[in-house]
1. Return the residue satisfying two criteria in turn: it lies in the range A:126-151 and is farther than 27 Å from A:ALA251 by Cβ and part of a strand (DSSP E or B), and of such residues it is most open to solvent (accessible area, probe 1.4 Å).
2. Does any residue in the range A:43-69 that is more than 19 Å from A:GLY89 (Cβ to Cβ) come within less than 7 Å, Cβ to Cβ, of a residue that is surrounded by fewer than 24 Cβ atoms within 10 Å (Cβ to Cβ) and charged (D, E, K, R) six or more places away or on a different chain, and which pairs are these?
3. When the residues of the range A:1-46 are filtered to those that are under 30 Å from A:GLU267 (Cβ atoms) and of a type in the set (Ser, Thr, Tyr), which remaining residue is surrounded by the most Cβ atoms within 10 Å (Cβ to Cβ)?
4. Would you be able to tell me the number of residues in the range A:297-333 that are in a helix (DSSP H, G or I) and small (Gly, Ala, Ser)?
5. Return the pairs, sorted by first residue and then second, in which the second residue is among the basic types (Lys, Arg) and within 16 Å of the ligand (Cβ to nearest atom), the first residue lies in the range A:205-225 and is in the same structural domain as A:GLY166 (by TED's automatic domain parsing) and open to solvent by 10 Å² or more (accessible area, probe 1.4 Å), the beta carbons are less than 8 Å apart, and the residues are 6+ apart or on different chains.
6. Which pairs turn up if I take residues in the range A:91-105 that are within 13 Å of A:CYS33 (Cα to Cα) and look for partners that are among the charged types (D, E, K, R) and within 16 Å of the ligand (Cβ to nearest atom) with beta carbon separation below 7 Å, at least 6 apart in sequence or on another chain?
7. Which condition from (1) within 12 Å of another protein chain (Cβ to nearest Cβ); (2) modelled with pLDDT of 95 or more is the one that A:VAL138 breaks?
8. Quick one: A:ILE59 ticks every box in (1) open to solvent by 10 Å² or more (accessible area, probe 1.4 Å); (2) within 18 Å of A:GLY137 (Cβ to Cβ); (3) not charged (D, E, K, R) except a single one, so which number is it?
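The values are calculated or read from the model by the stated rules, or taken from the named source; none is laboratory data. This is a predicted model, so every value here is computed, not measured. Methodologically, a virtual Cβ is constructed for each residue, glycine included, from the backbone with ideal geometry; neighbour enumeration extends over all protein chains shown. Side chains included, ligands, DNA and RNA excluded: accessible areas come from the protein's heavy atoms. Shrake-Rupley method; radii C 1.70, N 1.55, O 1.52, S 1.80 Å.
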Amino acid sequence: MAGKTVSEKIFDAHHVDNPAGDMHVISLDAVFCHEITTPVAINDLAARGKDRVFDPEKIMVVIDHVTPAKDSKTAMQGKILRDWARRNGIPRFFDVGRNGVCHALFPEKGFVRPGYTVIMGDSHTCTHGAFGAFAAGVGTTDLEVGILKGVCAFRYPGTMKIVVNGKLSPGVYAKDLILHIIGKIGVNGATDRVIEFAGPVIDEMSMESRMTLCNMAVEVGATSGICYPDETTVEYLWPFIRDEYDSPDAALADCRKWLPDPDAAYETVMAIDASEIPPLTTFGYRPDNVRPVSEMEKTPVDQVYIGSCTNGRIEDLRVAANVLAEKKIADTVRGIVSPATPGIFNQALAEGIIQTFMDAGFCVTNPTCGACLGMSCGVIAEGEVCASTTNRNFYGRMGKGGMVHLMSPATAAATALAGYITNSNLYNG
Amino acid sequence: MDQTTNHFSGSVLFLDRNDINTDEIIPAKYLTEISKEALKPYLLEDLDLPGFDPDTDLAGRRAIVTRANFGCGSSREHAPWALEANGIRMVIAGSFARIFRQNMFNCGMLAVELPADVIESLFAGFSGSETTVTADLESGLLHFSANGKTEEIPFSISEFDRALVKAGGWLEFADNKY
Ligand code: SF4
């Protein structure tokens with residue numbers, strides 16, 4: 001019998017039931033909740049007389065999409081979530097002032113570990129696979145069952161392994177790599193599969209970069225993206241796990257049990273040479289419409305947005321600030337930056353990065369999803385163009401009738417300075 | 001919750017089209033609603049089907065008969081909810097989009113796939129008249145009747161889907177079992 005992939009190991013370790021065919025019910029280590037998708041689940045559970053949670057310690061809750069609330073409707077979504085968290089004694093609830101974009105905040109709090117199973121009513125839950133976890137976005141009924149029983153049903157996942165060799169060129173980042181992969185395999189290229197990201201380029205990446213990579217796994221239809229837990233993972237998690245292990249080495253040895261077997265059976269294995277990837281951006285309304293920035297040069301933009309669960313982390317802000325230092329953004333451009341969490345905001349303050357953004361002419365917002373899904377803090381008008389570090393360029397995503405070009409924080413910063421899409425190499429050289 | 005097979009019985013709405021998508025079933029602008037019941041007035045509001053008027057054609061319907069690839073588009077569960085809020089708990093189609101079909105069973109509703117020629121014969125034989133259908137999960141038969149004319153059509157769903165329907169959906173199933 002062939003060995004197991006990471007997700008096969010995780011599934012087998014969390015096995016609860018096999019109710020039919022390849023349907024597997026697995027136990028959950030964490031259920032994440034935000035105010036857009038959870039209130040419907042809460043109301044439905046209450047209507048069925050099942051206003052309970054399986055384990056308040058394993059449910060983490062944040063208000064992040066529209067915060068502070070912008071109108072009565074979003075205020076009510078927050079209220080339903082807040083009241084529910086209180087009456088069910090959920091201690092890890094993050095409200096305005098302590099809240100940030102879910103997929104940046106929860107990893108920063110140490111809520112995800114190698115080998116974990118995580119669900120959330122949010123398609124970018126795949127981000128948490130960066131820690132060697134199986135993390136999947138789910139619909140409302142699945143979320144309700146997760147909240148109530150701590151289980152979820154999935155098809156036993158097939159795995160696609162993507163090996164990234166070579167070296168990323170200067171000015172090319174994890175975002176460019178994942179855009180390259182999306183452009184190559186297409187928006188349905190890994191539907192219902194798990195992607196394991198492997199190879200020397202991934203091994204060298206920070207946790208922040210790995211999260212950027214796994215974040216967009218859903219853009220090729222994948223259920224989860226997964227990176228292998230290693231020294232980098234343990235170092236990131238050490239403040240949260242130091243009581244559980246004698247040393248980082250002991251933690252690392254323990255994490256290794258989640259690595260795939262050498263003879264694991266993959267549905268597909270694909271090799272990519274990172275050295276060939278230039279800075280990339282998207283055109284049109286699908287994330288697999290990908291082109292080198294050089295071919296999109298001079299496309300004028302009205303707004304530049306730096307933030308989101310894809311690229312709103314400290315590393316992203318550092319890269320952008322480096323490009324912006326001592327310069328001013330173009331008069332024709334509105335620059336908006338949303339540090340993804342209060343922790344990132346604080347760090348950016350301490351490093352003078354917030355000052356750099358403000359000096360360059362950026363508006364700095366509180367941590368929120370806001371503009372990413374066109375709900376607040378930077379919605380664009382019909383006919384406008386936004387250069388954005390987010391993950392989706394669907395029609396109307398950042399505002400009805402608007403166009404979004406996805407790119408790295410470096411390219412976004414360079415674009416803000418020029419007023420049109422351009423290659424960051426011009427500015428950071 | 002008491003779910004019996006006669007939950008799947010009543011007046012049929014015929015929608016003579018392929019590829020009716022989730023945006024037509026429930027437009028995206030209503031996704032901010034925080035209860036399933038709130039979706040009720042918007043079902044099929046944007047359906048692109050000449051002669052169809054949701055204000056008059058939906059009243060009292062309990063089932064839909066339609067053609068191929070029903071429920072394609074986004075994965076939103078709001079689509080089955082909008083049906084359920086209107087009392088429609090059964091869709092009979094030539095085929096379904098995968099996620100929509102699973103969402104139906106997760107909600108304890110019935111999604112029945114029939115071969116295209118059987119769907120064609122239902123449209124030919126019944127779509128002009130006020131029709132009722134009853135699904136009998138035990139015998140695996142659909143009973144159609146209109147103006148004294150009746151027809152029995154066999155159907156099958158998987159054991160797991162049958163268990164979900166009997167339990168009243170994945171939530172009730174999981175709450176009883178795990
Ligand atoms: S930042 Fe954007 S993509 Fe990420 S969770 Fe928020 S809305 Fe979704």
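1. Step by step, filter the range A:126-151, then rank; the result is A:GLY137.
2. Matching pairs, first to second residue: A:ASP44/B:LYS36.
3. Ranking the candidates gives A:SER7 first.
4. 3
5. Once the first residue is in the same structural domain as A:GLY166 (by TED's automatic domain parsing) and open to solvent by 10 Å² or more (accessible area, probe 1.4 Å) and sits in the range A:205-225, its partners that are among the basic types (Lys, Arg) and within 16 Å of the ligand (Cβ to nearest atom) give A:GLU208/A:ARG313.
6. So the pair list comes out as A:ASN99/A:ASP64; A:GLY100/A:ASP64; A:VAL101/A:ASP64; A:CYS102/A:ASP64; A:CYS102/A:ASP122.
7. A:VAL138 satisfies every listed condition except (2).
8. Among (1) open to solvent by 10 Å² or more (accessible area, probe 1.4 Å); (2) within 18 Å of A:GLY137 (Cβ to Cβ); (3) not charged (D, E, K, R), A:ILE59 violates only (1).
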